[in-house]
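Encoded as structure tokens, the structure appears first; notes follow it.
Nothing in this text is a laboratory measurement; each read-out follows from the coordinates by a stated rule. Note that the structure is a prediction, hence the values are computed from the model and not measured. So basically every Cβ, Gly included, is an ideal-geometry build from the backbone, and we count neighbours across all protein chains shown.
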Amino acid sequence: MTFRSRLAKHLARVEAVLETVLPPEGRAPERLHAAMRYAVLGGGKRVRPLLVYLAGEVLGAPLERLDAPAAAVELIHAYSLVHDDLPAMDDDDLRRGRPTCHRAFGEATAILAGDALQVLAFELLTTDSKMVSDDHQRMAIARELATASGTAGMAGGQAIDLSAQGRQMDVDTLETMHSLKTGALIRASVLMGAWSADKPPPEAVWALSEFGSAIGLAFQIQDDILDVEGDTDTLGKTVGADSARQKPTYPSVAGMEAAKGRAAELCEIAIAALSALGSPAYPLRDMARYIVHRES
Ligand code: GRG
């Protein structure tokens with residue numbers, strides 16, 4: 001199967017799973033459910049769920065075991081985007097090519113929608129009957145997602161980001177911020193796939209963790225590059241928003257050439273981490289290349 005057709009298959013799968021796990025729009029409270037569905041189902045590349053499927057497949061996990069972890073990580077991601085776009089955070093008007101959730105539904109409903117998406121993710125992980133049956137592995141899956149979302153992950157990275165606006169930052173601090181804010185959830189996606197396999201060998205989990213850390217940071221560096229060189233229509237969000245807010249980004253702190261060099265270097269580090277996993281890991285290698293070459 002080509003990489004492209006594998007991605008198309010997994011994309012269709014996660015879209016169908018998300019459609020089923022979200023509350024139907026006609027169920028009360030209708031406006032809240034409509035806002036949740038708007039935030040999740042309105043496009044997006046689905047990079048994190050794709051990584052759950054691709055990493056799980058490397059270690060032989062059946063696809064139906066990966067559905068709930070894949071949907072759960074996208075629910076958390078969608079939640080983070082809704083809250084990140086709020087007036088108290090980035091105050092953005094455009095997301096995935098249309099008005100942000102608070103622009104479409106109002107601020108209070110957007111906050112609630114984000115909150116409800118977060119708990120729905122964990123409800124899914126604790127109730128899905130098709131996930132891996134080993135209790136320790138199920139706990140590990142929930143733990144990876146929780147840790148990557150909290151103060152040692154997204155929320156912590158966002159806190160550094162908020163305090164850094166308009167200030168100087170060195171490259172090491174910037175990399176820490178990026179690894180927490182964005183990288184942690186991408187690494188968690190890879191590990192949630194790994195923990196879904198039957199007794200994953202510790203060396204394989206370690207290799208996938210290294211892979212996830214490297215592509216997680218590379219993903220945010222490419223996001224910074226696209227904030228300068230991308231196109232608003234292709235990206236579906238406003239280009240130049242980070243520079244306008246005087247946010248430290250890789251190009252603003254280290255220069256564009258260094259940003260591109262570091263993204264390429266991290267891609268190579270990620271691919272090297274996969275070497276012990278052999279040819280089953282080729283789709284993850286292709287995913288690493290996509291992450292640093294994407295235009296949206
Ligand atoms: C949600 C736990 C939690 C805390 C709230 C708001 C916040 C704290 C953190 C923000 C994290 C955040 C929004 C990071 C940006 C990551 C990023 C590069 C988003 C864009 O991801 P893509 O390109 O978007 O995968 P699509 O639309 O394709 O899904």
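The table below gives the values:
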| read-out | value |
| --- | --- |
| Selection within region 1-23 - in contact (Cβ under 8 Å) with a residue 12 or more places away in the chain, closer than 23 Å to Leu235 by Cβ and either aliphatic (A, V, I, L, M) or part of a loop (DSSP other than H, G, I, E, B) (or both) | Leu7, Leu11, Val14, Leu18 |
| Complete set of residues in region 84-109 that are in a helix (DSSP H, G or I) and crowded, with 24+ Cβ neighbours inside 10 Å | Cys101, His102 |
| Per-region count, region 206-223, residues among the acidic types (Asp, Glu) and either buried (at least 24 other Cβ atoms within 10 Å of the Cβ) or within 14 Å of the chain's Cα centre (by Cα) (or both) | 1 |
| Search result, residues across region 229-281 that are farther than 30 Å from Val58 by Cβ, aliphatic (A, V, I, L, M) and out of contact with any Ser or Thr (no Cβ under 8 Å at 6 or more places or on another chain) | Ala241, Ala244, Val253, Ala254, Met256, Ala258 |
| Identity of the residue in region 180-215, of a type in the set (S, T, N, Q) and in a helix (DSSP H, G or I), that ends up nearest to Leu266 (Cα to Cα) | Ser213 |
| Of all residues in region 24-53 being over 19 Å from Ser296 (Cβ atoms) and either buried (at least 21 other Cβ atoms within 10 Å of the Cβ) or touching a residue at least 24 places away in the same chain (Cβ under 8 Å) (or both), the one that is farthest from the ligand (Cβ to nearest atom) | Arg31 |
| In region 54-104, the residues that are within 14 Å of the ligand (Cβ to nearest atom), under 17 Å from Val21 (Cα atoms) and aliphatic (A, V, I, L, M) | Ala70, Ala71, Ala72, Val73, Leu75, Ile76, Ala78 |
| Where a residue in region 141-155 is in contact (Cβ under 8 Å) with a residue 40 or more places away in the chain and its partner, wherever it lies, is within 9 Å of the ligand (Cβ to nearest atom) and among the basic types (Lys, Arg), with Cβ under 9 Å and at least six apart | Met154/Lys181 |
| Single condition Ala244 does not satisfy, out of (1) in contact with a helix residue (DSSP H, G or I) (Cβ under 8 Å, 6 or more places away or on another chain); (2) surrounded by fewer than 17 Cβ atoms within 10 Å (Cβ to Cβ) | (1) |
| Top-ranked residue in region 132-149 [being hydrophobic (A, V, I, L, M, F, W, C) and over 28 Å from Leu32 (Cα atoms); ranked as surrounded by the fewest Cβ atoms within 10 Å (Cβ to Cβ)] | Met139 |
| Residues that are part of a helix (DSSP H, G or I), of a type in the set (Val, Ile, Thr) and either within 15 Å of the ligand (Cβ to nearest atom) or more than 16 Å from Lys181 (Cβ to Cβ) (or both), drawn from region 233-253 | Thr234 |
